[in-house]
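The values are calculated or read from the model by the stated rules, or taken from the named source; none is laboratory data. Just so it is clear, the model here is predicted, and its values are computed rather than measured. Positions of Cβ are generated from backbone atoms using ideal geometry, with glycine treated the same way; all protein chains shown enter the neighbour counts. Surface areas here come from the heavy atoms of the whole protein model, side chains and all, with no ligands, DNA or RNA. Shrake-Rupley method; radii C 1.70, N 1.55, O 1.52, S 1.80 Å.
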Amino acid sequence: MQFSITIDAAREQVWDTLWHDETFREWAGIIDPGTYMVGDLKKGSEIQFISSENGYGVTSLVEDLVEGEFLSLRHSADTQEQGKREREKEWSGGLEKYALEEVNGVTIVSATFDVPAEMEDYFRSTYPKALQRVKELAERK
């Protein structure tokens, strides 16, 4: 699936909005309530995205990272119990990418990711709302 949004803010500001803990929780929580990130967003490291409400999450390898411009994640494990135990392999192996391009102080965010077939309708309806929240947060700063 692929989504994009145009945000009236500098690329660095949008990047910070996407990945700073407080604002990440605000927009990612629209997709899965209570979602937070554990780990360092650095190339080659593993991070976890976990829902505080149901304890489910995904562990991802940061495959590629250009600070402020591009992030590529490869989901390596589906987890439960706040990342302590593996569960079904619904998301494992999936790829998730974020690209930011700035032109004249306006940033275009493009998000591309693999989604299990049974979740496509859900993401079609919720992901645009999450990106709209990123836009509101970034433009407010």
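When the solvent-accessible area of the chain is split by element, carbon and sulfur atoms take up 47 percent of it, the probe being 1.4 Å.
Remark: the chain carries a charge dipole of roughly 100 debye about the Cα centre, counting +1 on each Lys and Arg Cβ and -1 on each Asp and Glu Cβ. One compactness figure for the chain is 1.00, namely its Cα radius of gyration divided by 2.2 N^0.38 Å.
Return the calculated 222 nm mean residue ellipticity for the chain, to the nearest 500 deg cm²/dmol, obtained by summing -39500 (n - 2.57) across DSSP H runs with n ≥ 4 and dividing by the residue count. List each step's numbers first, then the result.
Details: 3 runs with 41 residues, N = 141.
So the helix-based figure for the chain works out to -9500 deg cm²/dmol.
Put a plus charge on the Cβ of each Lys and Arg, a minus charge on the Cβ of each Asp and Glu, and nothing anywhere else: the dipole of segment 100-140 about its Cα centre is then about 240 debye.
Total Lys pairs in the chain closer than 29 Å by alpha-carbon, pairs eight or more apart in sequence or interchain only? The result is 19. Extension gain, M119 to V106: 0.36 nm times the residue separation minus the Cα-Cα distance gives 1.6 nm. Provide the net charge surrounding E12, with neighbours chosen by a C-beta distance below 12 Å and charges set as Lys +1, Arg +1, Asp -1, Glu -1. Cβ neighbours under 12 Å give a net charge of -2. Evaluated at q = 0.17, 0.18, 0.23 Å⁻¹, a Debye calculation over the C-alpha positions of segment 1-75 (equal weights, vacuum) places log10 I(q)/I(0) at -0.70, -0.79, -1.23. Helix 21-31 axis versus longest C-alpha principal axis of the chain: approximately 70°, rounded to the nearest ten. Local charge for M1 was computed over the other residues whose Cβ lies under 9 Å away, with Lys and Arg +1 and Asp and Glu -1, and equals -1.
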